[in-house]
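This report concerns only the one structure given below.
The values are calculated or read from the model by the stated rules, or taken from the named source; none is laboratory data. Since the model is a prediction, treat every value here as computed from it, not as a measurement. Don't worry about glycine lacking a Cβ; one is built from the backbone with ideal geometry, like all the others, and counts go over all protein chains shown.
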Amino acid sequence: MGFDLTVTARKAVVGSLSAAMPNYFGNLGARLFLHPRANKSKRHWANAFEGFEHHSIFVDGHKVPVWTRGEGQPVMLVHGWERDHFTMGGFVAPLLQSGYQVAALDLPAHGEAEGGTAPLPLLAKAIAAATDSLNHPAIVIAHSIGAAMTVLAMEDYQLKPLAAVLISAPSSAKAYAVSQATDIGLSRSAIGKMVTGISTALGAPLERFRVDLALKKLPTRTILIHAKDDNIVPFSEAETNAAAAAVQTLWQARGGHNKILGDAEMINQVLAWLHTHQATIQAETQKTSI
C-alpha cells in the first residue's frame, strides 16, 4: 500500500509541475524518448549468447553489433527500448535446439552499440541492415518498440522477413510515447509539447509511425503476442493492431510487458507456429535464393 501511495504522490507532483511548466517537462520527455538510458534491468539470460560469433555493421555511421550461432533457417531477435540482446535470451536455446540459426543485435544507443540517440528511423534501418547481413532470408522475433520498428523496417527499408513474431507491440510510436509519459504523470499540456518536440527531432509527425496501418498493407506472415496485463503497452493497442490486418494472435492472460519474454509456454507456442508454416517458409526461402 505504501508503494502505491508513493507512486501516486510522485505522479501528482509531476502532474502539477508539468502543468505549470509544460515546455520544460515536454522537452524533458522528448529527450528521454530519443536518448535511451542504460539497461539496468536484471540480466536473466546472461549466458545465453555464449559461443556466438560476433560481427559489426555500420548504419548511418553508427557501429551496430550482431551475434550469430547455429545453422539452418536464420531467426533475428530484436529487443525493445532501453534493453539489449540479452533480453531476448529466452528464445536462444529453444531455437537452436529446433535447428534454427539464431541472430541478435543491439539497436543503436543500446547495449554495446554506438550512439547516444535513437531516432525511430535509425532503429528501423539497423534492424533491416542487421537482418540483411545474414545473407539469407530470415524470420524476425521482436519485442515492444523493436517490434514496432521491425514493421517500419518492412514498410520503409526493404526488410522482407519470411515471418514476423511481434511481442508487446504498440499500435503506434505516438501511443507508446504518450503511454510512457502518462505513466510518469506528465500533464496533458506537457505531453502535447513532448509529442511536438519528438516530431521536430524526427523530421516527421510522430503520428506517421503507425504499426496498425503498416500491418494492413504488408504481406508478411505475422503473429501478434500480447499479455492482457501489460501496463506499458495496453492490451487495447494489441487489439487495434489485430483488427487492422489479417494476422494471427496469441493473447496471454498474464506476463506484463517484459516478463512475457521468459514465458516458456509462449516460446513453445511460437516454435509451434513457425513449425506449422515451415513448408511455406522453406518454399519461399528457395524461391528467394534462386
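Just to be sure, is Thr240 free of Cβ contacts under 8 Å to residues at least 12 places away in the same chain, assigned by TED's automatic domain parsing to the domain that holds Leu96 and among the β-branched types (Val, Ile, Thr)? Spelling it out, it is not the case that Thr240 is free of Cβ contacts under 8 Å to residues at least 12 places away in the same chain, assigned by TED's automatic domain parsing to the domain that holds Leu96 and among the β-branched types (Val, Ile, Thr). I want to confirm something. Restricting to segment 238-249 and keeping residues that are touching a strand residue (DSSP E or B) at 6+ places or on another chain (Cβ under 8 Å) and either crowded, with 17+ Cβ neighbours inside 10 Å or basic (Lys, Arg) (or both), which single residue is nearest to Asp183 (Cα to Cα)? Within segment 238-249, the match that is nearest to Asp183 (Cα to Cα) is Ala238.
Give just the number: which of (1) touching a residue at least 60 places away in the same chain (Cβ under 8 Å); (2) in the same structural domain as Leu123 (by TED's automatic domain parsing); (3) in contact with a Phe, Trp or Tyr (Cβ under 7 Å, 6 or more places away or on another chain) does His62 not satisfy? Failing condition for His62: (3). On inspection, Ala48 qualifies as out of contact with any strand residue (DSSP E or B) (no Cβ under 7 Å at 6 or more places or on another chain), closer than 19 Å to Leu261 by Cβ and buried (at least 18 other Cβ atoms within 10 Å of the Cβ). Only one entry of Leu162, Leu152 meets the criterion of being within 27 Å of Leu250 (Cα to Cα), over 15 Å from the mean Cα position of the chain (by Cα) and surrounded by 21 or more Cβ atoms within 10 Å (Cβ to Cβ), and that entry is Leu162. Would a scan of segment 225-245 turn up a residue that is under 14 Å from the mean Cα position of the chain (by Cα), within 17 Å of Glu155 (Cα to Cα) and in a strand (DSSP E or B)? No, segment 225-245 contains no residue that is under 14 Å from the mean Cα position of the chain (by Cα), within 17 Å of Glu155 (Cα to Cα) and in a strand (DSSP E or B). Apart from one condition, Ala177 fits all of (1) over 17 Å from the mean Cα position of the chain (by Cα); (2) outside the structural domain of Asp106 (by TED's automatic domain parsing); the exception is (1). Any residue in segment 142-152 that is part of a loop (DSSP other than H, G, I, E, B), out of contact with any Gly (no Cβ under 7 Å at 6 or more places or on another chain), among the small types (Gly, Ala, Ser) and assigned by TED's automatic domain parsing to the domain that holds Trp67? So far as segment 142-152 goes, no, none of its residues is part of a loop (DSSP other than H, G, I, E, B), out of contact with any Gly (no Cβ under 7 Å at 6 or more places or on another chain), among the small types (Gly, Ala, Ser) and assigned by TED's automatic domain parsing to the domain that holds Trp67.
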